[in-house]
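Working notes, structure below.
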Amino acid sequence: MRIMTFNANGIRSAVNKDFFPWFHAQDVDVMCVQETKAQEHQLAGEAFRPPGYHVAFRDAITKKGYSGVAIYSRREPDEIRTALGWAPFDDEGRYIEARFGNLSVVSFYIPSGSSGELRQGFKFEVMAWLRPILDQWLASGRDYVLCGDWNIVRARNDIRNWSGNQKNSGCLPSERAWMNALIADACGDGSPQPETGWADAFRVLKPEVSDEYTWWSNRGQARANNVGWRIDYQLATPALRERIRACSVARDPRFSDHAPFTVDYAL
(Lines give C-alpha, C1' and ligand atoms only; values in the text may rest on other atoms or scores of the structure.)
Protein backbone atom coordinates (compact mmCIF):
# COMPACT_ATOMS: atom_id res chain seq x y z
CA MET A 1 0.00 0.00 0.00
CA ARG A 2 1.36 3.39 -0.98
CA ILE A 3 0.41 6.24 1.36
CA MET A 4 1.16 9.89 0.72
CA THR A 5 0.90 12.88 3.05
CA PHE A 6 0.83 16.41 1.67
CA ASN A 7 0.27 19.82 3.22
CA ALA A 8 -1.21 21.63 0.25
CA ASN A 9 -1.18 25.13 1.76
CA GLY A 10 -4.47 25.56 -0.08
CA ILE A 11 -5.73 22.71 -2.23
CA ARG A 12 -7.13 25.12 -4.79
CA SER A 13 -3.68 26.65 -5.14
CA ALA A 14 -2.15 23.18 -5.58
CA VAL A 15 -4.72 22.30 -8.24
CA ASN A 16 -3.82 25.48 -10.12
CA LYS A 17 -0.24 24.18 -10.12
CA ASP A 18 -1.40 20.89 -11.73
CA PHE A 19 -1.04 18.82 -8.59
CA PHE A 20 -3.57 16.12 -9.47
CA PRO A 21 -2.13 15.21 -12.89
CA TRP A 22 1.18 14.65 -11.08
CA PHE A 23 -0.56 12.78 -8.27
CA HIS A 24 -2.31 10.48 -10.76
CA ALA A 25 1.10 9.25 -11.96
CA GLN A 26 2.30 8.37 -8.43
CA ASP A 27 0.16 5.22 -8.03
CA VAL A 28 -0.97 6.23 -4.53
CA ASP A 29 -3.52 4.16 -2.62
CA VAL A 30 -4.26 6.66 0.16
CA MET A 31 -3.40 10.35 0.34
CA CYS A 32 -3.72 12.48 3.47
CA VAL A 33 -4.02 16.21 2.82
CA GLN A 34 -3.61 19.06 5.28
CA GLU A 35 -4.41 22.75 4.92
CA THR A 36 -7.11 22.41 2.30
CA LYS A 37 -8.05 26.01 3.18
CA ALA A 38 -11.51 25.53 1.71
CA GLN A 39 -15.03 24.38 2.47
CA GLU A 40 -16.20 21.11 0.95
CA HIS A 41 -18.78 22.80 -1.29
CA GLN A 42 -15.91 24.72 -2.91
CA LEU A 43 -14.21 21.43 -3.85
CA ALA A 44 -17.10 19.74 -5.62
CA GLY A 45 -15.65 19.99 -9.12
CA GLU A 46 -13.83 17.26 -11.01
CA ALA A 47 -10.54 19.12 -10.60
CA PHE A 48 -10.57 18.23 -6.87
CA ARG A 49 -11.91 14.69 -7.21
CA PRO A 50 -9.65 12.55 -9.42
CA PRO A 51 -11.32 9.52 -10.97
CA GLY A 52 -10.86 6.27 -9.08
CA TYR A 53 -10.64 7.89 -5.64
CA HIS A 54 -13.06 8.30 -2.77
CA VAL A 55 -12.59 11.56 -0.87
CA ALA A 56 -13.64 12.78 2.56
CA PHE A 57 -13.10 16.23 4.02
CA ARG A 58 -13.07 17.79 7.48
CA ASP A 59 -13.30 21.55 7.12
CA ALA A 60 -12.58 24.23 9.68
CA ILE A 61 -15.82 25.72 10.99
CA THR A 62 -14.21 28.39 13.17
CA LYS A 63 -12.69 30.30 10.27
CA LYS A 64 -13.39 30.01 6.56
CA GLY A 65 -10.42 29.39 4.27
CA TYR A 66 -8.36 28.03 7.16
CA SER A 67 -6.81 24.69 8.05
CA GLY A 68 -8.88 21.67 6.89
CA VAL A 69 -7.88 18.08 6.18
CA ALA A 70 -8.87 15.40 3.69
CA ILE A 71 -8.28 11.77 2.77
CA TYR A 72 -8.29 10.40 -0.78
CA SER A 73 -8.42 6.61 -1.15
CA ARG A 74 -8.81 4.11 -3.95
CA ARG A 75 -10.72 1.76 -1.69
CA GLU A 76 -13.85 3.10 -0.07
CA PRO A 77 -13.23 3.31 3.69
CA ASP A 78 -15.31 1.20 6.02
CA GLU A 79 -15.68 4.25 8.23
CA ILE A 80 -14.66 7.91 8.33
CA ARG A 81 -14.08 9.71 11.62
CA THR A 82 -13.70 13.48 11.83
CA ALA A 83 -13.70 14.35 15.55
CA LEU A 84 -11.70 13.36 18.61
CA GLY A 85 -13.97 15.01 21.15
CA TRP A 86 -12.42 18.40 21.89
CA ALA A 87 -14.10 21.21 19.98
CA PRO A 88 -11.19 23.72 19.95
CA PHE A 89 -9.16 21.16 17.98
CA ASP A 90 -11.91 19.43 16.01
CA ASP A 91 -13.56 22.65 14.86
CA GLU A 92 -10.33 23.86 13.27
CA GLY A 93 -10.45 20.87 10.89
CA ARG A 94 -7.28 19.15 12.07
CA TYR A 95 -8.17 15.44 12.12
CA ILE A 96 -9.75 12.90 9.80
CA GLU A 97 -9.40 9.12 9.97
CA ALA A 98 -10.23 6.47 7.36
CA ARG A 99 -10.68 2.90 8.55
CA PHE A 100 -9.99 -0.07 6.30
CA GLY A 101 -10.53 -3.30 8.26
CA ASN A 102 -7.94 -3.27 11.06
CA LEU A 103 -5.99 -0.37 9.49
CA SER A 104 -6.58 3.28 10.32
CA VAL A 105 -5.00 6.03 8.24
CA VAL A 106 -5.13 9.44 9.90
CA SER A 107 -4.55 12.89 8.44
CA PHE A 108 -3.38 15.23 11.20
CA TYR A 109 -2.60 18.93 11.12
CA ILE A 110 -0.95 19.89 14.41
CA PRO A 111 -1.13 23.65 15.11
CA SER A 112 1.80 25.95 14.52
CA GLY A 113 2.85 28.32 17.25
CA SER A 114 4.90 30.58 15.03
CA SER A 115 2.37 33.43 15.00
CA GLY A 116 2.79 34.21 18.69
CA GLU A 117 2.29 33.22 22.30
CA LEU A 118 -1.46 32.63 22.02
CA ARG A 119 -1.13 30.01 19.30
CA GLN A 120 1.95 28.49 20.89
CA GLY A 121 -0.08 28.06 24.06
CA PHE A 122 -2.82 26.35 22.06
CA LYS A 123 -0.23 24.09 20.46
CA PHE A 124 0.98 23.01 23.89
CA GLU A 125 -2.63 22.36 24.94
CA VAL A 126 -3.14 20.19 21.87
CA MET A 127 0.04 18.24 22.56
CA ALA A 128 -0.96 17.51 26.16
CA TRP A 129 -4.52 16.55 25.20
CA LEU A 130 -3.45 14.42 22.26
CA ARG A 131 -0.81 12.34 24.03
CA PRO A 132 -3.19 9.95 25.88
CA ILE A 133 -5.19 9.48 22.68
CA LEU A 134 -2.05 8.45 20.81
CA ASP A 135 -1.09 6.12 23.66
CA GLN A 136 -4.54 4.55 23.53
CA TRP A 137 -4.25 3.99 19.80
CA LEU A 138 -0.82 2.48 20.25
CA ALA A 139 -2.20 -0.06 22.74
CA SER A 140 -5.44 -0.74 20.87
CA GLY A 141 -4.30 -3.62 18.67
CA ARG A 142 -5.27 -1.72 15.52
CA ASP A 143 -2.72 -0.82 12.87
CA TYR A 144 -2.37 2.96 12.53
CA VAL A 145 -0.52 5.20 10.12
CA LEU A 146 -0.56 8.79 11.37
CA CYS A 147 0.16 11.15 8.50
CA GLY A 148 0.51 14.85 8.48
CA ASP A 149 2.14 18.12 9.30
CA TRP A 150 3.19 17.91 12.96
CA ASN A 151 4.97 21.29 12.96
CA ILE A 152 7.81 19.84 15.07
CA VAL A 153 11.30 18.67 14.13
CA ARG A 154 12.78 15.78 16.06
CA ALA A 155 16.52 16.42 16.02
CA ARG A 156 19.47 18.13 14.38
CA ASN A 157 19.19 15.94 11.27
CA ASP A 158 15.66 17.22 10.68
CA ILE A 159 16.46 20.90 10.24
CA ARG A 160 19.14 22.78 8.35
CA ASN A 161 19.62 25.61 10.85
CA TRP A 162 19.58 23.74 14.17
CA SER A 163 21.38 26.26 16.34
CA GLY A 164 19.50 29.27 15.05
CA ASN A 165 16.05 27.81 15.71
CA GLN A 166 16.33 26.61 19.31
CA LYS A 167 13.95 29.34 20.51
CA ASN A 168 11.53 29.11 17.59
CA SER A 169 8.25 27.25 17.48
CA GLY A 170 8.66 23.84 15.94
CA CYS A 171 12.16 23.37 17.31
CA LEU A 172 11.61 24.15 20.98
CA PRO A 173 13.17 21.58 23.34
CA SER A 174 9.80 20.87 24.98
CA GLU A 175 8.17 20.23 21.58
CA ARG A 176 10.97 17.90 20.53
CA ALA A 177 10.78 16.05 23.85
CA TRP A 178 7.04 15.51 23.34
CA MET A 179 7.53 14.24 19.80
CA ASN A 180 10.44 11.97 20.62
CA ALA A 181 8.61 10.51 23.63
CA LEU A 182 6.18 8.98 21.12
CA ILE A 183 8.76 7.29 18.91
CA ALA A 184 10.91 4.22 19.52
CA ASP A 185 14.17 4.66 17.65
CA ALA A 186 17.64 6.15 18.11
CA CYS A 187 17.05 9.22 15.95
CA GLY A 188 15.88 11.76 18.50
CA ASP A 189 17.61 14.72 20.11
CA GLY A 190 18.73 12.87 23.23
CA SER A 191 15.48 13.41 25.12
CA PRO A 192 13.90 10.21 26.53
CA GLN A 193 12.36 7.82 24.02
CA PRO A 194 10.32 4.68 24.72
CA GLU A 195 11.42 1.10 24.12
CA THR A 196 8.06 0.46 22.48
CA GLY A 197 6.43 3.23 20.52
CA TRP A 198 5.54 4.63 17.14
CA ALA A 199 7.80 4.09 14.14
CA ASP A 200 8.91 7.17 12.20
CA ALA A 201 8.70 5.67 8.72
CA PHE A 202 11.32 8.00 7.26
CA ARG A 203 13.84 7.18 9.99
CA VAL A 204 13.16 3.45 9.77
CA LEU A 205 14.66 3.57 6.28
CA LYS A 206 16.95 6.59 6.53
CA PRO A 207 18.26 6.85 10.09
CA GLU A 208 21.26 9.03 9.22
CA VAL A 209 19.98 11.23 6.40
CA SER A 210 20.27 14.93 7.22
CA ASP A 211 19.33 16.83 4.07
CA GLU A 212 15.82 15.62 3.13
CA TYR A 213 13.25 18.12 4.34
CA THR A 214 9.52 18.53 3.78
CA TRP A 215 9.01 22.26 4.39
CA TRP A 216 10.86 25.44 3.44
CA SER A 217 10.12 29.02 4.34
CA ASN A 218 8.91 31.24 1.53
CA ARG A 219 11.41 33.86 2.66
CA GLY A 220 14.62 34.38 0.76
CA GLN A 221 15.96 31.40 -1.17
CA ALA A 222 15.21 28.79 1.49
CA ARG A 223 13.97 26.15 -0.92
CA ALA A 224 16.61 26.79 -3.55
CA ASN A 225 19.30 26.48 -0.85
CA ASN A 226 17.54 23.57 0.87
CA VAL A 227 17.27 25.43 4.17
CA GLY A 228 14.40 23.26 5.31
CA TRP A 229 12.65 21.44 8.11
CA ARG A 230 11.34 17.85 8.26
CA ILE A 231 7.96 18.35 9.92
CA ASP A 232 5.73 16.09 7.80
CA TYR A 233 5.65 12.53 9.11
CA GLN A 234 4.13 9.11 8.82
CA LEU A 235 4.12 7.43 12.23
CA ALA A 236 3.17 3.75 12.23
CA THR A 237 2.30 1.30 14.97
CA PRO A 238 5.08 -1.18 15.86
CA ALA A 239 3.56 -4.10 13.94
CA LEU A 240 3.96 -2.09 10.72
CA ARG A 241 7.64 -1.27 11.22
CA GLU A 242 8.86 -4.36 9.35
CA ARG A 243 6.38 -3.64 6.56
CA ILE A 244 7.87 -0.27 5.64
CA ARG A 245 9.56 -0.81 2.27
CA ALA A 246 10.37 2.55 0.68
CA CYS A 247 9.86 6.27 1.14
CA SER A 248 10.42 9.45 -0.83
CA VAL A 249 10.10 13.21 -0.51
CA ALA A 250 8.98 14.86 -3.75
CA ARG A 251 10.74 18.20 -3.51
CA ASP A 252 9.93 18.92 -7.16
CA PRO A 253 7.63 19.91 -8.79
CA ARG A 254 6.69 22.61 -6.30
CA PHE A 255 3.01 22.53 -5.39
CA SER A 256 3.23 24.09 -1.92
CA ASP A 257 5.75 25.25 0.67
CA HIS A 258 5.63 21.58 1.77
CA ALA A 259 6.67 18.55 -0.28
CA PRO A 260 4.56 15.39 -0.61
CA PHE A 261 5.99 12.52 1.46
CA THR A 262 5.21 8.97 0.34
CA VAL A 263 5.77 5.61 2.05
CA ASP A 264 5.28 2.09 0.68
CA TYR A 265 3.98 -0.54 3.13
CA ALA A 266 3.76 -4.28 2.48
CA LEU A 267 0.06 -4.50 3.33
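The values are calculated or read from the model by the stated rules, or taken from the named source; none is laboratory data. As the structure is a computational prediction, the values presented were derived from the model and not from experiment. When we count neighbours, we look across all protein chains shown, and the Cβ atoms used for this are built from the backbone with ideal geometry, even at glycine.
So which residues in region 41-65 are exposed (fewer than 13 other Cβ atoms within 10 Å of the Cβ), small (G, A, S) and at pLDDT below 95?
Passing the criteria: A44, G45.
Does at least one position in region 183-190 carry a residue that is exposed (fewer than 15 other Cβ atoms within 10 Å of the Cβ) and either within 23 Å of Y95 (Cα to Cα) or of a type in the set (A, V, I, L, M) (or both)? Reasoning before the result, please.
Initial filter on region 183-190 (exposed (fewer than 15 other Cβ atoms within 10 Å of the Cβ)): 186, 190.
Now narrow it down to the ones that are either within 23 Å of Y95 (Cα to Cα) or of a type in the set (A, V, I, L, M) (or both): 186.
Looking for residues that are exposed (fewer than 15 other Cβ atoms within 10 Å of the Cβ) and either within 23 Å of Y95 (Cα to Cα) or of a type in the set (A, V, I, L, M) (or both), one finds at least one in region 183-190, hence yes.
Only one of Q120, Q166 is among the polar types (S, T, N, Q), surrounded by 15 or more Cβ atoms within 10 Å (Cβ to Cβ) and in contact with a Leu (Cβ under 9 Å, 6 or more places away or on another chain); which? Reasoning before the result, please.
Working: Q166 fails: surrounded by 15 or more Cβ atoms within 10 Å (Cβ to Cβ).
The match here is Q120.
Anything in region 9-24 that is part of a loop (DSSP other than H, G, I, E, B) and in contact with a Gly (Cβ under 9 Å, 6 or more places away or on another chain)? List them, or say none. Walk me through it before giving the result.
Keep residues of region 9-24 that are part of a loop (DSSP other than H, G, I, E, B), which gives 9-10, 17-18.
Within region 9-24, just G10 meets the criteria.
Among the residues in region 123-139, are any of a type in the set (D, E, K, R), closer than 30 Å to E195 by Cβ and part of a loop (DSSP other than H, G, I, E, B)? Outline the logic, then answer.
To start, the set of residues in region 123-139 that are of a type in the set (D, E, K, R) comprises 123, 125, 131, 135.
Pick out the ones that are also closer than 30 Å to E195 by Cβ and you get 123, 125, 131, 135.
With the extra rule that they be part of a loop (DSSP other than H, G, I, E, B), the set shrinks to none.
Looking through region 123-139, none of the residues is of a type in the set (D, E, K, R), closer than 30 Å to E195 by Cβ and part of a loop (DSSP other than H, G, I, E, B).
Does at least one position in region 215-230 carry a residue that is at positive phi, surrounded by fewer than 24 Cβ atoms within 10 Å (Cβ to Cβ) and modelled with pLDDT of 95 or more?
Start the filter on region 215-230 by keeping residues that are at positive phi, which leaves 220, 226.
With the extra rule that they be surrounded by fewer than 24 Cβ atoms within 10 Å (Cβ to Cβ), the set shrinks to 220, 226.
Filter again for modelled with pLDDT of 95 or more, leaving 226.
Among the residues of region 215-230, at least one is at positive phi, surrounded by fewer than 24 Cβ atoms within 10 Å (Cβ to Cβ) and modelled with pLDDT of 95 or more, which makes the answer yes.
For F108, indicate whether it is in contact with a Pro (Cβ under 6 Å, 6 or more places away or on another chain) and either touching a residue at least 24 places away in the same chain (Cβ under 8 Å) or farther than 20 Å from S174 by Cα (or both). If you could, list the steps in order and put the result at the bottom.
Values: in contact with a Pro (Cβ under 6 Å, 6 or more places away or on another chain): no; either touching a residue at least 24 places away in the same chain (Cβ under 8 Å) or farther than 20 Å from S174 by Cα (or both): yes.
So F108 does not fit the description; no.
Between A239, A222, A155, A201, which is free of Cβ contacts under 8 Å to residues at least 60 places away in the same chain and closer than 25 Å to L134 by Cβ? Show your work before the answer.
Numbers: A239 fails: free of Cβ contacts under 8 Å to residues at least 60 places away in the same chain; A222 fails: closer than 25 Å to L134 by Cβ; A201 fails: free of Cβ contacts under 8 Å to residues at least 60 places away in the same chain.
Testing whether each residue is free of Cβ contacts under 8 Å to residues at least 60 places away in the same chain and closer than 25 Å to L134 by Cβ leaves just A155.
Kindly indicate whether A38 is crowded, with 22+ Cβ neighbours inside 10 Å and among the aliphatic types (A, V, I, L, M).
Numbers: crowded, with 22+ Cβ neighbours inside 10 Å: yes; among the aliphatic types (A, V, I, L, M): yes.
Against the criterion (crowded, with 22+ Cβ neighbours inside 10 Å and among the aliphatic types (A, V, I, L, M)), A38 qualifies.
Report the residue count in region 9-42 for those that are under 13 Å from I71 (Cβ atoms) and among the aliphatic types (A, V, I, L, M).
5
The conditions are (1) at negative phi; (2) without any contact (Cβ under 8 Å) to a residue 24 or more places away in the chain, and V145 fails exactly one of them. Which is it?
(2)
Which residue, of D78, D59, is closer than 21 Å to W150 by Cβ and of a type in the set (D, E, K, R)?
Numbers: D78 fails: closer than 21 Å to W150 by Cβ.
Answer to the check: D59.
Out of (1) crowded, with 24+ Cβ neighbours inside 10 Å; (2) closer than 19 Å to D90 by Cα, the odd one out for I11 is which?
(2)
Pick from W86, W150: which is touching a Phe, Trp or Tyr at 6+ places or on another chain (Cβ under 7 Å), crowded, with 16+ Cβ neighbours inside 10 Å and within 22 Å of G65 (Cα to Cα)? Full working, then the answer.
Numbers: W86 fails: crowded, with 16+ Cβ neighbours inside 10 Å.
Residue meeting the stated conditions: W150.
Is it the case that region 230-239 has a residue that's among the charged types (D, E, K, R) and over 14 Å from the mean Cα position of the chain (by Cα)?
no
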